[in-house]
Amino acid sequence: MSTSTRTATSTDPSTEAGGRSRWRLAPHAERFALIGVWVVVLVVFSLARPQTYPTAGNLQGVLGSQAVLLVASLGVLLPLITGEFDLSVASALGLSSMVTAVMNVQHGWSIGAAVLAGVASALCVGIVNALGVVVFGIPSFIVTLGSGTFALGVVQWISGQSTVTGIDPHLVQATVGTRLLGVPLQFFYGLAAAVLLAALLEFTPLGRRLLFVGRSPQVAKLSGFDVPRLRAGAFLGCSTIAGLAGVVYAGALGGADPSSAQSFLLPAFAAAYLGATAIVPGQFNPLGTVVAVYFLSSGVVGLQMLGAQSFVQQLFYGGALVVAVGLSRYVRHRATR
């Protein structure tokens with residue numbers, strides 16, 4: 001009897017070792033799956049367009065051209081981490097770039113003062129969002145949609161609905177005029193911002209509290225965290241980062257366009273949600289967002305090189321957002337089981 005029992009409950013060591021191995025590899029496979037798909041995309045387009053796609057010039061162009069989107073996507077992360085939405089991020093970005101350009105070009109302010117005014121104007125959007133959501137209890141979707149539309153109106157008003165050009169060349173030089181390894185400096189600004197935000201979230205009490213609030217606001221409140229202040233801080237941080245993205249955008253354009261900033265809204269959310277499936281699966285994270293931004297841009301550039309029409313970019317980002325939301329929800333559900 002005892003022999004049969006031992007036989008029934010014993011486990012083949014090789015099977016057990018294989019199970020442990022799979023158990024150890026599964027989380028890593030999930031963390032780096034998006035990077036693997038990105039590599040596949042690069043290989044496919046490189047084979048399809050060997051003369052133009054796998055070139056240093058194309059790589060440098062992709063890295064440099066997505067810096068503004070990368071910084072804007074990092075701003076979107078903060079409210080998402082705390083369980084809120086900020087749909088005003090693109091308008092805050094556009095407001096910052098336009099205020100910077102108008103103050104410098106039309107009013108003769110120094111570029112330093114104009115940059116401060118641009119970032120401050122974006123911060124005003126964040127203050128309105130924080131007051132509306134935290135103090136008055138209005139859903140973030142409504143508040144940020146309204147504040148973003150208002151900011152867009154301000155942009156149209158102060159610009160006279162026309163492009164402002166001729167910004168201080170020092171700003172242009174500091175963003176796209178100077179290159180490191182052939183890549184404009186703005187790329188390294190975006191990368192540095194991602195690393196700093198990742199360090200803030202991972203290694204500081206403030207970052208861990210933000211993550212805790214997003215996972216369970218009630219438990220965070222019972223634990224003594226100042227949940228309203230943390231949620232307000234997320235909106236302020238988002239708008240400040242959007243303001244910095246606007247300054248970089250003004251430098252990249254050499255001025256400001258009253259309408260083009262809105263094109264960053266959908267890709268920013270697509271990158272943030274898709275980034276939640278990589279590096280730290282189930283959690284909005286900056287490094288995953290970096291991977292997502294350049295995965296998406298690699299796909300769009302490849303399709304354009306294959307002769308796709310310009311509208312394919314909207315199709316790609318829109319489809320990516322839907323898929324990314326579904327994937328991130330699935331991964332978060334798995335992570336919390």
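The values are calculated or read from the model by the stated rules, or taken from the named source; none is laboratory data. Keep in mind that this is a model prediction, so the values were computed, not measured. Heads up, the Cβs are rebuilt from the backbone with ideal geometry, glycines too, and the neighbour counts pull from every protein chain shown. Areas reflect the complete protein model, heavy atoms only, side chains present, ligands, DNA and RNA absent. Shrake-Rupley method; radii C 1.70, N 1.55, O 1.52, S 1.80 Å.
Given the criteria among the aliphatic types (A, V, I, L, M), part of a helix (DSSP H, G or I), within 30 Å of LEU287 (Cα to Cα) and open to solvent by less than 20 Å² (accessible area, probe 1.4 Å), does ALA117 qualify? In short, no.
Residue check: is GLY237 more than 24 Å from ALA324 (Cα to Cα) and either buried (at least 20 other Cβ atoms within 10 Å of the Cβ) or over 20 Å from the mean Cα position of the chain (by Cα) (or both)? Spelling it out, it is not the case that GLY237 is more than 24 Å from ALA324 (Cα to Cα) and either buried (at least 20 other Cβ atoms within 10 Å of the Cβ) or over 20 Å from the mean Cα position of the chain (by Cα) (or both).
Is at least one residue of region 141-148 crowded, with 19+ Cβ neighbours inside 10 Å and more than 21 Å from the chain's Cα centre (by Cα)? Among the residues of region 141-148, not one is crowded, with 19+ Cβ neighbours inside 10 Å and more than 21 Å from the chain's Cα centre (by Cα), which makes the answer no. For region 141-158, residues that are modelled with pLDDT under 95 and either closer than 10 Å to VAL125 by Cα or hydroxyl-bearing (Ser, Thr, Tyr) (or both) total 0.
From the list LEU206, LEU197, LEU222, pick out the single residue that is in contact with a Pro (Cβ under 7 Å, 6 or more places away or on another chain) and not small (Gly, Ala, Ser). When all the criteria are applied, what remains is LEU197. Within region 198-216, being aliphatic (A, V, I, L, M) and open to solvent by 80 Å² or more (accessible area, probe 1.4 Å) holds for one residue alone: LEU206. Can you pull out the residues in region 196-209 that are touching a Leu at 6+ places or on another chain (Cβ under 8 Å) and either among the small types (Gly, Ala, Ser) or within 19 Å of VAL290 (Cβ to Cβ) (or both)? Result: LEU197, ALA198, LEU200, LEU201, GLY207. Before we move on, is GLY137 surrounded by fewer than 24 Cβ atoms within 10 Å (Cβ to Cβ), free of Cβ contacts under 8 Å to residues at least 12 places away in the same chain and assigned to a helix (DSSP H, G or I)? So GLY137 fails the test. Scoring ALA194 on the criteria (1) closer than 27 Å to TYR317 by Cβ; (2) modelled with pLDDT under 90 leaves a single failure, condition (2).
GLY177 fulfils the conditions (1) closer than 23 Å to LEU63 by Cα; (2) out of contact with any Pro (no Cβ under 9 Å at 6 or more places or on another chain); (3) not β-branched (Val, Ile, Thr) except for a single criterion, (2). Scanning region 175-207 for residues that are β-branched (Val, Ile, Thr) and in contact (Cβ under 8 Å) with a residue 40 or more places away in the chain yields THR175, VAL176, VAL183, VAL195. Of the residues LEU287, LEU211, LEU265, the single one that is at pLDDT 85 or above, within 30 Å of ALA117 (Cβ to Cβ), assigned to a helix (DSSP H, G or I) and of a type in the set (A, V, I, L, M) is LEU265.
How about region 298-319: which of its residues are open to solvent by less than 30 Å² (accessible area, probe 1.4 Å) and either outside any helix (DSSP H, G or I) or modelled with pLDDT under 85 (or both)? VAL312, TYR317, GLY318, listed by residue number. Within region 240-263, being surrounded by 24 or more Cβ atoms within 10 Å (Cβ to Cβ) and within 17 Å of LEU87 (Cβ to Cβ) holds for ILE241, ALA242, GLY243, ALA245, GLY246, ALA261. Select from region 43-62 the residues that are open to solvent by less than 60 Å² (accessible area, probe 1.4 Å) and either free of Cβ contacts under 8 Å to residues at least 40 places away in the same chain or within 16 Å of SER297 (Cα to Cα) (or both) and list them in ascending order. PHE45, SER46, TYR53, THR55, GLY57, ASN58, GLN60, GLY61, VAL62 - these are the residues of region 43-62 that are open to solvent by less than 60 Å² (accessible area, probe 1.4 Å) and either free of Cβ contacts under 8 Å to residues at least 40 places away in the same chain or within 16 Å of SER297 (Cα to Cα) (or both).
Okay, residues lined up against (1) in a helix (DSSP H, G or I); (2) touching a Pro at 6+ places or on another chain (Cβ under 9 Å):
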| position | (1), (2) |
| --- | --- |
| PHE85 | no, yes |
| ALA92 | yes, no |
| THR100 | yes, no |
| LEU123 | yes, no |
| ASN129 | yes, yes |
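Considering only residues in region 219-234 that are of a type outside the set (A, V, I, L, M, F, W, C) and closer than 18 Å to SER140 by Cα, the one that is surrounded by the fewest Cβ atoms within 10 Å (Cβ to Cβ) turns out to be ARG229. Take the conditions on the phi < 0 side of the Ramachandran plot, surrounded by 17 or more Cβ atoms within 10 Å (Cβ to Cβ) and either part of a helix (DSSP H, G or I) or not acidic (Asp, Glu) (or both) and apply them to VAL195. Does it pass? No: the conditions fail for VAL195.
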